[in-house]
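Please treat every number below as a calculation from the coordinates, not as lab data. In this text, all values refer to a predicted model and were calculated from it rather than measured experimentally. Every residue, glycine as well, gets a Cβ built from its backbone with ideal geometry; the counts of neighbours run over all protein chains shown.
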Amino acid sequence: MIEEYKDKKKLTFTGNWTHTSHGYDVPQQRNGYDCGVFACRFGECEARNSKFDFSQKDMPLFRKRMILEIVSKNVAL
């Protein structure tokens, strides 16, 4: 990440980074097209400080939920 920042911004990164390991229970993407849904779901779990309690089979539901949230301009809780 530091090298990418340096390459793209032409600046030296001076912030502090921390690494959090979630162990081996991190859901794995099993296809080539759900990366965006996985990324959003990981972000949502991190923001809510909740476990990564989803899997590849949950992606159709999350995709539909994301569409509903975007169209209705409302976040489902």
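Enclosing the Cα atoms of the chain in their convex hull gives a volume equal to 158 cubic angstrom per residue. Which longest uninterrupted range of the chain lacks any chymotrypsin sites (Phe, Trp or Tyr not before Pro) assigned by DSSP to a loop state (not H, G, I, E or B) and surrounded by at most 16 other Cβ atoms within 10 Å? Between exposed loop sites, the widest span is 53-77.
Modelled spin-label separation between residue 16 and residue 47, with each label point placed 7 Å from Cα along the Cα-to-Cβ direction: 2.5 nm. Selection among 60, 50, 70 by position relative to the dipole of the chain gives 70 as farthest towards the positive end (Cβ unit charges, Cα centre).
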